[in-house]
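Here is the structure we will look at.
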Protein chains: 2
Amino acid sequence: MSTSVTCIAPVNIAIIKYWGKRDDDLILPINDSISVTLSTDNLRTKTKITAGPEIAKNVLRLNGVEESFENPRIQRCLQEVRRRAKAAGKCPNPEMLEWNILVESENNFPTAAGLASSAAGYACFVYTLATLYGIESEELSGIARMGSGSACRSLYSGYVQWARGERTDGSDSLAIQLAPASAWPEMHVLVLVVSDRKKATASTQGMATSVKTSELLKHRVSVCVPERVKLVQGDFDTFGRIAMKDSNQFHAICLDTFPPCFYMNDVSRTIIRLVDQINNLAGENAPIKVAYSFDAGPNACLFLLEKDVAEVSAIVRRVFPFNESTAEEYYKGIPNDEPAMQAVPASVLESFAVEEPNLLRYIIHTKVGEGPKRVD
Amino acid sequence: MSTSVTCIAPVNIAIIKYWGKRDDDLILPINDSISVTLSTDNLRTKTKITAGPEIAKNVLRLNGVEESFENPRIQRCLQEVRRRAKAAGKCPNPEMLEWNILVESENNFPTAAGLASSAAGYACFVYTLATLYGIESEELSGIARMGSGSACRSLYSGYVQWARGERTDGSDSLAIQLAPASAWPEMHVLVLVVSDRKKATASTQGMATSVKTSELLKHRVSVCVPERVKLVQGDFDTFGRIAMKDSNQFHAICLDTFPPCFYMNDVSRTIIRLVDQINNLAGENAPIKVAYSFDAGPNACLFLLEKDVAEVSAIVRRVFPFNESTAEEYYKGIPNDEPAMQAVPASVLESFAVEEPNLLRYIIHTKVGEGPKRVD
């Protein structure tokens, strides 16, 4: 009698950062943001939703652990998808819209690693629910946005812009695709997951405090971001430099907040210096080879072109040795091209100082990827 | 035949930070700054200058090590003091102005600790030279400024403002005393010297890169600083909150610089969180008890009133235990009031988590103090 649908949705990494809401309930941002959707081959949320008349109450299970369904953000997404499904009249079995649901969601990466799991999670929840109710082709980003702001960007593949919008009801604060993943097939991504024992400020709370207290945030929003949004669609050098500057500016705003919130740690800063050193290998004014971006956590997302993956990976491996993991645990995702890595000249490698072991938990090699899809 | 003079000069800590020059040669700043002069009882440079016809060449010895006298900043200060001495005609022995000099300078704190040693050093050099040549009563801050910008503030006691000035020749970019040390006798200072193995960007280079690349710096200079300069002379709560916000904003600008420069480390951030926790002991909206300020390095300067010294010291001691130093090496400066520290309730202390040992190298307890003086 019950029906179920299973879908997956990707993680996205903002290169122009979202930080600050103009409406806390509707989750409307104070500035546009631009993100890159990462491949679901390596990082994804998978969500199965079962609807049935025999299900006694709504249940939410995240990575096997039952969580409260009373979360207002979950409630709002559920109500909004149902409202649209009723209006569209495409539900294969309209009775289903009254049944309770069982939501089982799991990530193929540790939630605690701070890898934007709420964006993938809400995108997957909304997309799976819409698929179950027969409206997966509707514009869903405005609904996912009400679950977690950045989730709206995980509904599209490739390069995605989330518009600030002007309306107070949020109806124009939606995500659009700027370019598909296939537009730039050479783009690769290395996610460096940093060991960290400190619990950071939750980003919802952090951005609320920034909006209240940071004087520099006003200037960022009115002057810096609009300019960057216009410039970012250029070559890799332009893209990478803007990504780095915007990541730095976002963390600068966090520091200008009172009391300040910190997301990067000393290892994050070592990664920033390392990227700078790699980019200076060919001279100070040469086009860059690799760019970093840090979300509200210590992990780095490195963007680079396929031709530079072997060299950069070999350097990262040298600088951040491990001895608590096996190589398979340490390097995840797209397999290393070992012969190409071996070919990196020793003179290049040896110009980089080796840090103490185990500063990174692991490295995920991935690419730009597709949006959500049904997998059952 | 030779003549010598020995003077001391204090360290100062900016609470509204100087960051960025409008003229690199004359060292003219892009914004006003305000500082607190620390007591020479605990932190000072002592400089002896000997002039004599038998001295074959100019010699500069810092902490016993000979340094180049060709440094253009040293040369400029020397020439400018001599020019003024000639113009004033007060030199007891005008021949002396043609003799070579031997400069012997030493700090009573480690230079490497990043405690604004160049400010105290140039202030002491200029003051000692002026004393030797009989012009110590002249306005010397414009000369010290040409050695090291912040040195101009070390020529005055208490609370000092260095004006940006408007003129291109720098003649109005001088320091003035806002209030003597005696105006606020309850003000105490704890300097937390943080262990750090990374060499930071030199501040001269860092601020030049900030001026070139930080978009947020323009807003800081034109909007934030002028407002803070007006507000800072209030009660301790106002003073302390502005000091903390301006320190944070300065480090935010460093992070918004490309490539970013980092001066605080994870221990600095732990201190910031600790201060926030201490200030919340009496409730989130209670007046603050302690404020931090970080210069271009990881060390914290904590400002607090005498009545709170025992409690704050006891908490800092608990959070940052040591086992590589003796208590005498670890707590320097004004002696601890042990009975008052013992009286801090265990329930207060136990609300603070203990960090791993030796994150701090030592703690210096001092007060606001006097300007340079002759000591021989």
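The values are calculated or read from the model by the stated rules, or taken from the named source; none is laboratory data. Fair warning: this is a prediction, and the values are worked out from it, not measured in the lab. Note that each Cβ is placed from the backbone with ideal geometry, even for glycine, and that neighbours are counted across all protein chains shown.
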Which condition from (1) surrounded by fewer than 18 Cβ atoms within 10 Å (Cβ to Cβ); (2) farther than 22 Å from B:THR270 by Cα is the one that B:ALA353 breaks? (2)
Being of a type in the set (Gly, Ala, Ser) and touching a residue at least 24 places away in the same chain (Cβ under 8 Å) is the filter; apply it to the stretch B:278-298 and report the residue that is nearest to the other protein chains (Cβ to nearest Cβ). B:ALA291
Do the conditions hold for B:SER351, that is, is it modelled with pLDDT of 95 or more, in a loop (DSSP other than H, G, I, E, B) and not assigned by the TED database to the domain that holds B:TYR159? yes
Mind checking which residues of the stretch A:1-27 are closer than 19 Å to A:ASN71 by Cβ and either polar (S, T, N, Q) or out of contact with any Cys (no Cβ under 8 Å at 6 or more places or on another chain) (or both)? A:LYS21, A:ASP23, A:ASP24, A:ASP25, A:LEU26, A:ILE27
Go through the residues of the stretch A:300-307 one by one and say whether even a single one is touching a helix residue (DSSP H, G or I) at 6+ places or on another chain (Cβ under 7 Å), assigned to a loop (DSSP other than H, G, I, E, B) and more than 10 Å from chain B (Cβ to nearest Cβ). no
Write out, first by first residue and then by second, each pair whose Cβ atoms fall under 7 Å of each other, whose residues are 6+ apart or on separate chains, and whose first residue, in the stretch B:221-247, is within 12 Å of chain A (Cβ to nearest Cβ) while the second is at pLDDT below 95 and outside any helix (DSSP H, G or I). B:ILE242/B:VAL232
Go over the candidates B:GLY283, B:GLY297 one by one and state the one that is surrounded by fewer than 17 Cβ atoms within 10 Å (Cβ to Cβ), small (Gly, Ala, Ser), not in a strand (DSSP E or B) and not assigned by the TED database to the domain that holds B:GLU104. B:GLY283
Looking at A:VAL312, A:VAL275, can you tell me which residue is part of a helix (DSSP H, G or I), in contact (Cβ under 8 Å) with a residue 60 or more places away in the chain and not polar (S, T, N, Q)? A:VAL312
Collect the residues in the stretch B:196-220 that are among the small types (Gly, Ala, Ser) and either within 12 Å of chain A (Cβ to nearest Cβ) or under 16 Å from A:HIS219 (Cβ atoms) (or both), keeping them in residue-number order. B:ALA200, B:SER210, B:SER214
Among the residues of the stretch A:352-376, write down those that are among the polar types (S, T, N, Q) and either more than 30 Å from A:GLY283 (Cβ to Cβ) or free of Cβ contacts under 8 Å to residues at least 12 places away in the same chain (or both). A:ASN358
Quick one: which residue in A:SER35, A:SER2 is hydroxyl-bearing (Ser, Thr, Tyr) and at pLDDT below 95? A:SER2
Do we have A:ARG73 as in contact (Cβ under 8 Å) with a residue 24 or more places away in the chain, in a helix (DSSP H, G or I) and in contact with a helix residue (DSSP H, G or I) (Cβ under 6 Å, 6 or more places away or on another chain) here? yes
Screening A:LEU178, A:LEU174 for residues that are under 24 Å from A:ALA296 (Cβ atoms), assigned by the TED database to the domain that holds A:ASP23 and free of Cβ contacts under 8 Å to residues at least 40 places away in the same chain leaves only A:LEU174
Looking only at the stretch A:248-268, which residues are over 23 Å from A:ARG228 (Cα atoms) and within 8 Å of another protein chain (Cβ to nearest Cβ)? A:PHE258, A:PRO259, A:PRO260, A:PHE262, A:ASN265, A:ASP266
For the stretch A:16-28, how many residues are surrounded by 24 or more Cβ atoms within 10 Å (Cβ to Cβ) and part of a strand (DSSP E or B)? 1
